[in-house]
Amino acid sequence: MRFAPVFKYRMRDCAISMLVIIAVMIALTLLVQVGVLAFGQFTPEDGFEETTSTMNFTMPYAIFMFILSIISIREDLRLGIQNGASRGTSFLANLSCIAATSLLLALSGVAFYLVWNALDTGVILIDFYSMMYLGNFTPTELGDIFMSAVMTFVMSMSLAGVGCFISLMYWRLSKLGKWIVTLGFGAVLVLVVNAGVSLGWLGKAVGSFARFVVEDPWNLNIVFIAVAVAFYAFARLLVRRNAITAATA
């Protein structure tokens, strides 16, 4: 069992889940539009007419990829090993499928925006890119729609990399190690927040980083890409060392 069969197996599962989340997002958008048009409008006599809806496609897609990467990497490694594929081949097939799924989700957003803008519903849709760089307006220009898709893709890959690493890390840890790491995440977060408040230089560094990412969308895209590369690299190292245990482990 080599790359292509592992990829096809994973892609079939991903395709079903992907179609479900796309359908859910479209249905929610249409329901919100109906709700806004039916109950959220102000008449011109009130001074203005409001027909605005906010539906963020980027974040649900990215969170979907985060969860998908967590649950799929272990299954693909087990399946690959049982059928003669190496760890590296199984990992690469999973990564390729995650990338293909992220890309298709991003392209689905492009298609939806093009259709939505052509319908001229009067309802504004806001995704992560438009919230950050367009002042809460729906992307209408082709350049903005393209950039929205790019940001959706790189954010999805970034969270997928984090999810893959977390899944493999917890797979390797003992029960005690899992407790320590889980509690440690909360402790580190509290310490970082307190340090940011008490240490002026850290607060300035965070402020400088925030200004850097909002200056240009490609700055934020580069950050997402760096996170994806780093965590997938760490995950690949774990793949070389992890014992491939049963699903009940």
query = Can you find a residue in the stretch 9-26 that is surrounded by 12 or more Cβ atoms within 10 Å (Cβ to Cβ), at pLDDT below 70 and within 20 Å of residue 149 (Cα to Cα)?
reply = no
message = What are the pairs with Cβ atoms under 6 angstrom where one residue, in the stretch 101-127, is free of Cβ contacts under 8 Å to residues at least 40 places away in the same chain and the other, located anywhere, is assigned to a helix (DSSP H, G or I) and buried (at least 16 other Cβ atoms within 10 Å of the Cβ)? Sequence gap at least six, or different chains.
response = 110/145; 110/149; 113/145
note = When the stretch 199-236 is checked residue by residue, the ones that are aliphatic (A, V, I, L, M) and either at pLDDT 90 or above or under 18 Å from the mean Cα position of the chain (by Cα) (or both) are 213, 220, 222, 223, 225, 226, 227, 228, 229, 230, 233, 235
query = Restricting the first residue to the stretch 153-166 and requiring it to be over 20 Å from residue 110 (Cβ atoms), which pairs with a second residue that is β-branched (Val, Ile, Thr) and surrounded by 24 or more Cβ atoms within 10 Å (Cβ to Cβ) meet a Cβ separation below 7 Å and a spacing of at least six or different chains?
reply = 164/73
ask   = In the list 84, 177, which residue meets the criterion of being at pLDDT below 85, of a type outside the set (Ser, Thr, Tyr) and not in a helix (DSSP H, G or I)?
value = 84
ask   = In this structure, does residue 144 turn out to be surrounded by 23 or more Cβ atoms within 10 Å (Cβ to Cβ), in contact with a helix residue (DSSP H, G or I) (Cβ under 9 Å, 6 or more places away or on another chain), farther than 17 Å from residue 20 by Cα and of a type in the set (D, E, K, R)?
value = no
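When the residues of the stretch 147-174 are narrowed to those that are under 30 Å from residue 57 (Cα atoms) and modelled with pLDDT under 90, which ends up surrounded by the most Cβ atoms within 10 Å (Cβ to Cβ)? Step through it out loud before you land on a result.
Residues of the stretch 147-174 under 30 Å from residue 57 (Cα atoms): 147-170.
Of the ones still in play, those that are also modelled with pLDDT under 90 are 169-170.
Values: 169: 16, 170: 14.
The qualifying residue surrounded by the most Cβ atoms within 10 Å (Cβ to Cβ) is 169.
The values are calculated or read from the model by the stated rules, or taken from the named source; none is laboratory data. Treat the numbers as computed from the prediction; the structure is a model and nothing was measured. Cβ coordinates were reconstructed from backbone atoms using ideal geometry, including for glycine residues, and neighbour counts include every protein chain displayed.
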